[in-house]
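The values are calculated or read from the model by the stated rules, or taken from the named source; none is laboratory data. Since the model is a prediction, treat every value here as computed from it, not as a measurement. Please note: Cβ atoms are built from the backbone with ideal geometry, for glycine as well, and neighbour counts cover all protein chains shown.
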Amino acid sequence: MKNFLRMALCVACLQVSPVLAETPAAGAATEAPAAGPDPKLLEKALGGDAQSQYELAVAYGSGIDGAPRDHRAALTWFLKAASQNHTEAQYDLGMFYMFSQETGARSAVEAVKWFRRAAERGHIGAQNAVAAAYASGEGIDKNFGEAMKWWRKAAEKFSPEAQFNIGYSYLAGEGVDENPAEAFKWINMSAQQNFTEGQYMLGRLYLEGLGTAADLPLSVKWFHEAAQKRHAGATMMIGDAYMEGRGVPKNNVEAYYWYSLASELDESYAPERDELRESISPRDQVDVQKRLMNR
């Protein structure tokens with residue numbers, strides 16, 4: 001089973017906040033210096049208004065609304081808002097501590113502390129983050145039972161990330177007894193919500209007949225859903241399907257097209273593309289290159 005999976009549990013399904021985006025490289029073109037944050041917003045923030053403090057933190061972190069980009073100032077204002085139980089600020093503060101490279105304040109322990117506070121107030125992203133921390137042991141002792149508890153809380157609010165992770169846990173037997181049928185149920189929920197990794201894994205389940213009856217055309221359908229969102233593994237699996245006539249008519253030229261697409265997304269797939277190229281006529285190779293350029 002675990003040899004089939006060949007992928008890590010999606011414990012890092014966290015979207016990095018725009019305030020943590022990289023600063024421009026030295027020598028890059030920059031805009032004129034910011035004039036400063038909105039005076040009215042600053043006044044309200046200084047007066048203790050948590051929402052204003054949060055908005056000011058976002059402004060400093062992203063360099064928007066007149067504020068200069070200043071991660072230390074952003075951290076200060078996130079702390080002020082989070083300390084007043086502003087849930088979104090607590091979550092963003094956790095993201096800051098988990099990922100920021102610029103303030104010297106990176107701390108997985110602090111990140112988990114703030115994620116938990118937001119999670120206890122019902123924040124779905126924070127619940128997923130706490131679960132991820134327990135599953136990976138980053139910032140807190142590893143505890144898969146706790147991870148499942150928090151994923152279930154997020155899944156109750158229809159989080160596709162949580163649904164996927166619950167399903168994957170049942171598939172891999174991580175923290176729960178291995179149960180392919182239960183895995184299929186949860187991964188299917190995730191895929192139906194357009195979660196890319198769930199769509200890819202659902203294709204694998206239909207391909208292998210794990211937790212459900214094998215259905216090769218359906219497996220290709222779900223690989224296509226994930227491939228449309230540039231999932232390299234799903235793109236490669238479509239190529240495999242054409243190569244082997246698995247759920248689609250066997251077609252080496254079509255396989256070469258999909259292998260080429262997959263190789264653009266992940267260079268590790270290039271050997272399969274290059275090996276297949278030797279059996280493709282020069283004319284078909286040119287046609288495939290035209291398709292790649294015009295897609």
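Some points to look at:
- Flag for Tyr170 being within 28 Å of Leu218 (Cα to Cα) and either in contact with a Ser or Thr (Cβ under 8 Å, 6 or more places away or on another chain) or of a type in the set (Val, Ile, Thr) (or both): no
- The requirement of being crowded, with 24+ Cβ neighbours inside 10 Å, farther than 17 Å from Gln53 by Cα and of a type in the set (A, V, I, L, M, F, W, C) is not satisfied by Ala81.
- Within the stretch 244-263, the set of residues being in contact with a helix residue (DSSP H, G or I) (Cβ under 6 Å, 6 or more places away or on another chain) and surrounded by fewer than 20 Cβ atoms within 10 Å (Cβ to Cβ) comprises Arg246, Val248, Asn251, Val253, Glu254.
- Qualifying positions in the stretch 259-287 - among the small types (Gly, Ala, Ser) and either in contact with a Lys or Arg (Cβ under 7 Å, 6 or more places away or on another chain) or over 14 Å from Arg230 (Cβ atoms) (or both): Ser260, Ser263, Ser268, Ala270, Ser279, Ser281
- Checked against (1) within 30 Å of Lys113 (Cβ to Cβ); (2) touching a residue at least 24 places away in the same chain (Cβ under 8 Å); (3) assigned to a helix (DSSP H, G or I), Tyr170 passes all but condition (2).
- Qualifying residues in the stretch 180-212 (those that are free of Cβ contacts under 8 Å to residues at least 24 places away in the same chain and over 21 Å from the mean Cα position of the chain (by Cα)) - the one nearest to Gly239 (Cα to Cα): Tyr206
- Listed by first and then second residue, the pairs with beta-carbon distance under 7 Å, at least 6 apart or on different chains, first residue in the stretch 142-165 and under 12 Å from His123 (Cα atoms), second aromatic (Phe, Trp, Tyr), are Trp150/Tyr134.
Table: residues versus (1) assigned by TED's automatic domain parsing to the domain that holds Ser62; (2) touching a helix residue (DSSP H, G or I) at 6+ places or on another chain (Cβ under 8 Å).
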site: Gly94; (1), (2): yes, yes
site: Arg106; (1), (2): yes, yes
site: Arg116; (1), (2): yes, yes
site: Ala129; (1), (2): no, yes
site: Ala133; (1), (2): no, yes
site: Gly137; (1), (2): no, no
site: Ser159; (1), (2): no, yes
site: Tyr170; (1), (2): no, yes
